[in-house]
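The values are calculated or read from the model by the stated rules, or taken from the named source; none is laboratory data. The model shown is predicted, which means the values in this text are computed figures rather than measured ones. Positions of Cβ are generated from backbone atoms using ideal geometry, with glycine treated the same way; all protein chains shown enter the neighbour counts.
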Amino acid sequence: MTSLVCAGRIILVEPQLVLFDKDGTLIDIHHYWASMIRLRARHLREVLFPSRADGEAAQAHIESAMGIDHASGRMRPEGPVGVKPRPFNVEVTRIALRDVGVEASADRIESLFAEVDTATGDDLLPLLKLLPGVPALLAALDQSNVAMGIVSTDITARAKKAMEVLGLSRYFRFVLGGDAVARSKPAPDLVEAALGAGAYRRERTVVVGDHPVDIQMGCSVGVGANIGVLTGLSGEQAFAGLDCIVAPDLTFLSIVERG
């Protein structure tokens, strides 16, 4: 009998599917998204307002609107980048540009974001740092024939590319981004799509994420267990009142086989 265990406590017996958030759960969200936001903001500046004397300050305003806390160099818990779906973040950026006197349509901003995606897609590795315990846990789940998937607010192609670059694609039956469903987290759509991808049973499914929206998503579907990890945007207090187990990081999770 296979059990998913957290710090010696059985979380779910005979798990069938484990759904991982990507940023903050598998990879370092602060390194990835802070880097991407700076690249996006710099590209917007170079294209939309290249000659302004206050260009550096305007770029910093856009970076802040997208989620960077410049005092710490880390992402703010509320994002929005890394938490909200891409269309929401495009709109936030459009408003931030207007704040500094630059008008740009959502379509124009999306196209500039896509150019940054393309430019970094050929060399994504410098943006990616695996969090503690990831390779060992994925290997253990795979060895125990527990299916795995990724449910992310990032776009699907980008999430897939990250796993390919890290050499982890073989572990995941599917990768679903926010663009794969009508409603992203905390709506149930991503989990519902994942369950339908292989006729998995919700009561034998586990959701693992670093933000309350991950847990709210899992709860909305009634999965067997939800696990919040403290390696991303949220502290332990953020998970208070939610139906989940909280783990410092993925090294606290393991698979136990009992006869």
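The residue that is modelled with the lowest pLDDT, counting only those in the stretch 216-259 that are touching a Pro at 6+ places or on another chain (Cβ under 9 Å) and assigned to a strand (DSSP E or B), is ILE255.
For the stretch 35-76, the tally of residues that are surrounded by 21 or more Cβ atoms within 10 Å (Cβ to Cβ) and assigned to a strand (DSSP E or B) stands at 2. Taking the listed residues ALA193, ALA182, ALA197, the one that is over 14 Å from the mean Cα position of the chain (by Cα) and part of a loop (DSSP other than H, G, I, E, B) is ALA182, with no other qualifying. Among the candidates ILE215, ILE245, ILE227, single out the residue that is touching a residue at least 12 places away in the same chain (Cβ under 8 Å) and over 25 Å from PRO80 (Cβ atoms). Going through ILE215, ILE245, ILE227 in turn, the sole match is ILE245.
Checking each residue in the stretch 163-173 for being on the phi < 0 side of the Ramachandran plot and either surrounded by fewer than 17 Cβ atoms within 10 Å (Cβ to Cβ) or modelled with pLDDT under 95 (or both) picks out GLU164, VAL165, SER169, ARG170, ARG173. Here is the figure for the stretch 112-162: residues that are modelled with pLDDT of 95 or more, closer than 15 Å to THR25 by Cβ and part of a loop (DSSP other than H, G, I, E, B) total 6. If you filter the stretch 17-31 down to residues that are surrounded by fewer than 24 Cβ atoms within 10 Å (Cβ to Cβ) and either assigned to a helix (DSSP H, G or I) or hydroxyl-bearing (Ser, Thr, Tyr) (or both), you find that the one that is nearest to the chain's Cα centre (by Cα) is HIS30. In the stretch 114-151, the residue that is surrounded by the fewest Cβ atoms within 10 Å (Cβ to Cβ) out of those that are charged (D, E, K, R) and free of Cβ contacts under 8 Å to residues at least 40 places away in the same chain is ASP122.
For the stretch 207-234: of the residues being within 19 Å of LEU26 (Cβ to Cβ) and more than 16 Å from the chain's Cα centre (by Cα), which is surrounded by the most Cβ atoms within 10 Å (Cβ to Cβ)? Filtering first and then ranking leaves VAL223. Looking at the stretch 116-149 only, could you name the residues that are small (Gly, Ala, Ser) and either under 22 Å from ALA180 (Cβ atoms) or not assigned by TED's automatic domain parsing to the domain that holds LEU195 (or both)? Selection gives ALA119, GLY121, ALA147, GLY149.
Sub-8 Å Cβ pairs linking a first residue in the stretch 175-186 that is buried (at least 23 other Cβ atoms within 10 Å of the Cβ) to a second residue that is acidic (Asp, Glu) and not in a loop (DSSP other than H, G, I, E, B), at least 6 apart or interchain, are LYS185/ASP214, ordered by first then second residue.
For the stretch 252-259, check the following and say yes or no: at least one residue is within 25 Å of PRO85 (Cβ to Cβ), surrounded by 15 or more Cβ atoms within 10 Å (Cβ to Cβ) and among the aliphatic types (A, V, I, L, M). It would help to see each step written out before you state the result.
Narrowing the stretch 252-259 to residues within 25 Å of PRO85 (Cβ to Cβ): none.
Within the stretch 252-259, none of the residues are within 25 Å of PRO85 (Cβ to Cβ), surrounded by 15 or more Cβ atoms within 10 Å (Cβ to Cβ) and among the aliphatic types (A, V, I, L, M).
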